[in-house]
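Engineer: Handing you this structure, nothing more for now.
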Protein chains: 2
Amino acid sequence: MTKVFPEDSVGLVTPQTFHFDEPLTLASGRELKAYDLVVETYGELNASKSNAVLICHALSGHHHAAGFHSEDDRKPGWWDKYIGPGKPIDTNRFFVVSLNNLGGCHGSTGPRSINPDTGKVWGKDFPNLRARDWVNSQARLADKLGIQQWAAVVGGSLGGMQAMRWALEYPERLRHCVVIASAMKLTAQNIAFNETARQAITSDPNFCGGDYEAEGTYPKDGLSVARMIGHITYLSGDGMGQKFGRELRSGSFALGSDEPVEFQVESYLRYQGDAFSDSFDANTYILMTKALDYFDLAREYDNDPVKAFSHAQCKFLVVSFTTDWRFAPERSREIANALIAANKSVSYAEVESEFGHDAFLIPIEDYQNIFTSYMKGIEIDD
Amino acid sequence: MTKVFPEDSVGLVTPQTFHFDEPLTLASGRELKAYDLVVETYGELNASKSNAVLICHALSGHHHAAGFHSEDDRKPGWWDKYIGPGKPIDTNRFFVVSLNNLGGCHGSTGPRSINPDTGKVWGKDFPNLRARDWVNSQARLADKLGIQQWAAVVGGSLGGMQAMRWALEYPERLRHCVVIASAMKLTAQNIAFNETARQAITSDPNFCGGDYEAEGTYPKDGLSVARMIGHITYLSGDGMGQKFGRELRSGSFALGSDEPVEFQVESYLRYQGDAFSDSFDANTYILMTKALDYFDLAREYDNDPVKAFSHAQCKFLVVSFTTDWRFAPERSREIANALIAANKSVSYAEVESEFGHDAFLIPIEDYQNIFTSYMKGIEIDD
């Protein structure tokens with residue numbers, strides 16, 4: 001019996017690997033001689049090639065944004081609530097391209113790949129990357145797909161940073177830029193959380209200075225703590241309170257017991273850290289958090305966001321969530337205000353939500369409506 | 001040449017150790033057969049013994065709250081800005097008692113002490129403690145000092161929890177209760193941060209399941225990450241932004257450099273983690289964070305704070321700080337509102353500050369004035 005996927009699902013999807021032979025010069029000055037990008041696409045590219053939407057992923061994301069890899073797949077892609085027939089990014093209209101970024105650990109060239117110069121795994125020697133490197137590699141992917149101009153480049157969090165960078169680096173190659181729960185640069189507190197996460201990884205003796213693959217070890221414990229730190233900051237305090245309260249998973253608060261009690265929130269977090277560290281690569285985690293820390297949209301524009309955005313030619317949708325304290329609404333308002341001051345077309349929505357930063361991944365009616373309405377307004381040549 | 005200490009300093013102080021032979025039954029049902037408490041006192045106990053103030057310390061605190069241990073001491077005690085001649089807790093009027101709590105690592109009986117039953121270091125086998133255990137041990141210390149009733153019991157954060165517990169457990173033994181930057185119970189987010197910190201410690205291979213002393217190792221890296229996590233949460237996001245911004249300590253953001261940049265906030269945090277892990281005990285850190293998590297003022301009063309506080313007989317000062325997100329002003333307002341509903345006398349102040357939770361340790365004019373004024377109003381028999 002063939003499994004029937006939901007009607008609004010893109011159904012079974014298969015990743016493809018694109019190989020790039022032309023060397024890519026990175027922002028750091030180093031060069032990748034050749035690289036692979038793993039890509040999924042949903043929907044059909046129209047004849048005029050005007051309906052393509054690029055999805056840029058966040059810290060722990062990858063190419064599998066929608067649909068299922070097999071009939072047994074228990075969970076769909078990470079943004080399945082937002083990509084599919086009739087969903088905000090409607091695959092009946094749009095041809096959606098989702099990739100695993102360079103430096104990732106889901107098939108694209110990254111720290112787990114072989115360094116052609118040494119014949120060994122890159123590991124810690126994989127080059128530092130900045131958002132612009134991803135954007136450049138994505139532009140080459142667009143070339144290969146025959147897409148001269150994206151209908152929209154869309155991303156949440158670190159993905160939103162890439163979308164904004166697209167608007168500045170390739171202004172003529174996108175008509176719309178959708179920036180969700182993002183920021184023009186991280187705050188000191190954000191950097192501090194990232195650094196603490198990195199410290200948890202690098203101080204794990206199994207990290208071996210980043211050479212764990214060569215040593216046959218893996219810094220699972222450090223990566224697990226890193227993910228726990230991240231996870232707390234992606235949720236809101238109120239949201240955690242509503243979800244877990246002070247409920248016990250085991251043990252008893254009764255006086256007269258020396259059994260340590262365990263709160264549900266503790267076992268939940270440990271589970272999250274454990275599951276993540278089974279599937280993610282520690283060097284990629286360090287690389288991605290560094291790219292977040294480095295990102296500073298307006299640095300090369302005299303630190304003037306208005307000057308930066310004056311280069312953009314596309315229209316913008318900017319979305320934030322009320323309880324997101326990692327990428328607070330204030331950060332999104334800064335983006336919207338700079339766009340207005342630069343005389344750009346921008347829609348800004350601050351969505352009520354209890355889900356903190358994670359809200360951008362979660363179905364929330366207001367958010368779905370705003371997103372759907374904006375995407376419907378994107379014109380496509382038939 | 002003798003060093004001259006500032007006029008408003010208590011000057012040179014010497015800790016004393018008090019030994020207790022009578023077994024102490026703990027909330028867990030276990031028993032400490034005997035124990036030591038390390039204590040400092042500042043000022044003079046008056047003839048009527050009515051001017052004694054007890055200082056309860058927070059997570060990483062200890063007995064050395066004010067003054068200097070030697071003429072070479074570079075830094076005074078942790079609350080020196082608030083204890084001394086003419087300071088809010090005025091040692092010209094008050095006899096101040098400050099101790100290292102049971103379970104601590106600064107001389108009082110704790111995980112680093114010898115378990116008399118085994119002749120070996122307690123380590124991870126030291127009993128779980130709850131705030132009431134500290135209060136009971138402090139009551140015995142009061143007995144030993146001949147103090148029947150404290151003029152005030154004072155504490156910030158976890159110290160405030162002890163002060164509140166005093167008001168419920170020994171209502172006739174204190175006239176005033178000063179609760180600063182505290183809460184009646186932790187939120188799920190707070191517990192989550194504590195659990196992540198503990199996970200950083202226990203997953204350090206040098207933790208050895210808590211038996212690191214016996215193994216001759218020490219989980220310095222894990223404790224350092226734990227402290228970094230804590231430290232971020234004690235500061236406000238805005239405060240960190242103002243203090244560090246995105247300033248670089250080294251490296252350059254210039255494109256064309258593969259050198260990793262280092263933000264000032266990163267090196268600051270690593271320094272904090274490193275320094276703390278040199279001086280603190282990992283098992284104590286676990287024990288203290290667990291005591292924080294367990295604390296739930298009203299649990300045994302049908303989860304009704306009003307019912308809980310109805311047992312109190314003292315007057316209260318409750319203070320919170322606007323940017324404290326670990327023990328938010330809302331938590332203090334809950335305390336104040338429950339006290340009002342229980343017909344108790346309470347003064348509540350929400351102090352403007354950019355310093356987050358750490359504000360309770362920092363000189364802030366409004367806070368100093370409020371604190372001074374309240375303490376001046378405390379009557380003492382001469």
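Engineer: Take the stretch A:224-266 and flag every residue that is among the hydrophobic types (A, V, I, L, M, F, W, C), more than 8 Å from chain B (Cβ to nearest Cβ) and closer than 22 Å to B:E300 by Cα. Give the steps one after another, and end with the answer.
Structural biologist: Initial filter on the stretch A:224-266 (among the hydrophobic types (A, V, I, L, M, F, W, C)): A:225-226, A:228-229, A:232, A:235, A:240, A:244, A:248, A:253-255, A:261, A:263, A:265.
With more than 8 Å from chain B (Cβ to nearest Cβ) added as a condition, the list becomes A:226, A:248, A:254.
Residues satisfying the conditions are A:L248, A:A254.
Engineer: Conditions: (1) touching a Lys or Arg at 6+ places or on another chain (Cβ under 9 Å); (2) within 13 Å of another protein chain (Cβ to nearest Cβ). B:R270 meets all but one. Number of the miss?
Structural biologist: The failed condition is (1).
Engineer: On the given criteria, is B:T41 more than 23 Å from B:A181 (Cβ to Cβ), hydroxyl-bearing (S, T, Y), over 16 Å from the mean Cα position of the chain (by Cα) and assigned to a loop (DSSP other than H, G, I, E, B)?
Structural biologist: Against the criterion (more than 23 Å from B:A181 (Cβ to Cβ), hydroxyl-bearing (S, T, Y), over 16 Å from the mean Cα position of the chain (by Cα) and assigned to a loop (DSSP other than H, G, I, E, B)), B:T41 does not qualify.
Engineer: Then there's this: Could you look through the stretch B:169-192, keep only residues that are under 14 Å from B:W150 (Cβ atoms) and more than 17 Å from the chain's Cα centre (by Cα), and pick out the one that is nearest to the other protein chains (Cβ to nearest Cβ)?
Structural biologist: Looking at the filtered set, the residue picked out is B:E169.
Engineer: Next question, about the same structure. Those residues that are away from chain B (no Cβ under 12 Å), surrounded by fewer than 23 Cβ atoms within 10 Å (Cβ to Cβ) and among the aromatic types (F, W, Y), I need them from the stretch A:287-315; list them, please.
Structural biologist: A:Y301
Engineer: Additional query: Out of contact with any Cys (no Cβ under 7 Å at 6 or more places or on another chain) and closer than 19 Å to B:S113 by Cα: which single residue out of B:E40, B:E22, B:E7, B:E44 fits that description? Can you show your working first?
Structural biologist: Numbers: B:E40 fails: closer than 19 Å to B:S113 by Cα; B:E7 fails: closer than 19 Å to B:S113 by Cα; B:E44 fails: closer than 19 Å to B:S113 by Cα.
Just one listed residue meets the conditions, B:E22.
Engineer: Could you please find all residues in the stretch B:25-49 being of a type in the set (A, V, I, L, M) and within 14 Å of chain A (Cβ to nearest Cβ)?
Structural biologist: Hits for the stretch B:25-49 are B:L26, B:A27, B:L32.
Engineer: Cβ-Cβ distance below 8 Å, separation of 6 or more or different chains: which pairs start in the stretch B:193-206 with a residue that is at the interface with chain A (Cβ under 9 Å from one of its Cβ atoms) and end on one that is assigned to a loop (DSSP other than H, G, I, E, B) and basic (K, R)?
Structural biologist: B:F193/B:R326
Engineer: Looking at the stretch A:56-95 only, could you name the residues that are without any contact (Cβ under 8 Å) to a residue 40 or more places away in the chain and within 26 Å of A:M164 (Cα to Cα)?
Structural biologist: The answer is A:A65, and nothing else.
Engineer: Hey, another quick one. Among B:G107, B:G77, which is the only one that is touching a strand residue (DSSP E or B) at 6+ places or on another chain (Cβ under 7 Å) and in a loop (DSSP other than H, G, I, E, B)? Full working, then the answer.
Structural biologist: Details: B:G77 fails: touching a strand residue (DSSP E or B) at 6+ places or on another chain (Cβ under 7 Å).
So the residue among B:G107, B:G77 that is touching a strand residue (DSSP E or B) at 6+ places or on another chain (Cβ under 7 Å) and in a loop (DSSP other than H, G, I, E, B) is B:G107.
Engineer: Being under 30 Å from B:K185 (Cα atoms) and either β-branched (V, I, T) or within 10 Å of another protein chain (Cβ to nearest Cβ) (or both): is that true of A:A275 here? Don't jump to the end; show me each part of the working.
Structural biologist: Working: under 30 Å from B:K185 (Cα atoms): yes; either β-branched (V, I, T) or within 10 Å of another protein chain (Cβ to nearest Cβ) (or both): no.
So A:A275 does not fit the description; no.
Engineer: Right, next: Tell me which of these A:E213 doesn't satisfy, since it passes every other one: (1) farther than 19 Å from A:S347 by Cβ; (2) crowded, with 24+ Cβ neighbours inside 10 Å.
Structural biologist: All conditions pass for A:E213, except number (2).
Engineer: Considering only the stretch A:139-173, how many residues are surrounded by fewer than 24 Cβ atoms within 10 Å (Cβ to Cβ) and part of a helix (DSSP H, G or I)? Talk me through it step by step, then tell me what you get.
Structural biologist: In the first step, residues of the stretch A:139-173 are kept if they are surrounded by fewer than 24 Cβ atoms within 10 Å (Cβ to Cβ); the result is A:139-149, A:168-173.
The next check asks that each one be part of a helix (DSSP H, G or I); those that pass are A:139-145, A:168-169, A:171-173.
Here the count works out to 12.
Engineer: Name, by its number, the condition in (1) among the polar types (S, T, N, Q); (2) out of contact with any Leu (no Cβ under 8 Å at 6 or more places or on another chain); (3) surrounded by 24 or more Cβ atoms within 10 Å (Cβ to Cβ) that does not hold for A:T196.
Structural biologist: (2) is the only condition that A:T196 fails.
Engineer: Follow-up. Looking only at the stretch A:96-116, how many residues end up being of a type outside the set (A, V, I, L, M, F, W, C) and without any contact (Cβ under 8 Å) to a residue 12 or more places away in the chain? If you could, list the steps in order and put the result at the bottom.
Structural biologist: Within the stretch A:96-116, the first condition is being of a type outside the set (A, V, I, L, M, F, W, C), and the residues that meet it are A:98, A:100-101, A:103-104, A:106-113, A:115-116.
This time we only want the ones that are without any contact (Cβ under 8 Å) to a residue 12 or more places away in the chain, so: A:115.
Count: 1.
Engineer: Quick one: in the stretch A:111-138, which of the residues that are in a helix (DSSP H, G or I) and within 14 Å of chain B (Cβ to nearest Cβ) is surrounded by the most Cβ atoms within 10 Å (Cβ to Cβ)?
Structural biologist: Within the stretch A:111-138, the first condition is being in a helix (DSSP H, G or I), and the residues that meet it are A:123-125, A:131-138.
Those left that are additionally within 14 Å of chain B (Cβ to nearest Cβ): A:124-125, A:131-133, A:135-136.
Details: A:K124: 19, A:D125: 14, A:A131: 27, A:R132: 21, A:D133: 24, A:V135: 24, A:N136: 19.
Of everything passing the filter in the stretch A:111-138, A:A131 is surrounded by the most Cβ atoms within 10 Å (Cβ to Cβ).
Engineer: Taking A:E213 as meeting all but one of (1) over 22 Å from A:E354 (Cα atoms); (2) assigned to a helix (DSSP H, G or I); (3) within 7 Å of chain B (Cβ to nearest Cβ), write down the number of the exception.
Structural biologist: Against the list (1) over 22 Å from A:E354 (Cα atoms); (2) assigned to a helix (DSSP H, G or I); (3) within 7 Å of chain B (Cβ to nearest Cβ), A:E213 comes up short only on (3).
Engineer: Also, quick follow-up: Just for helices (runs of 4 or more DSSP H) wholly inside the stretch B:283-382: which have at least 2 residues that are basic (K, R)? Lay out the reasoning, then the answer.
Structural biologist: Values: elements: B:305-309, B:329-341, B:365-376.
Filter on the stretch B:283-382 gives B:329-341.
Coordinate-derived values only; no laboratory data. Remember, it's a predicted structure, so these values are computed and weren't measured experimentally. With ideal geometry, Cβ positions are generated from the backbone for all residues, glycine too; neighbour counts draw on all protein chains shown.
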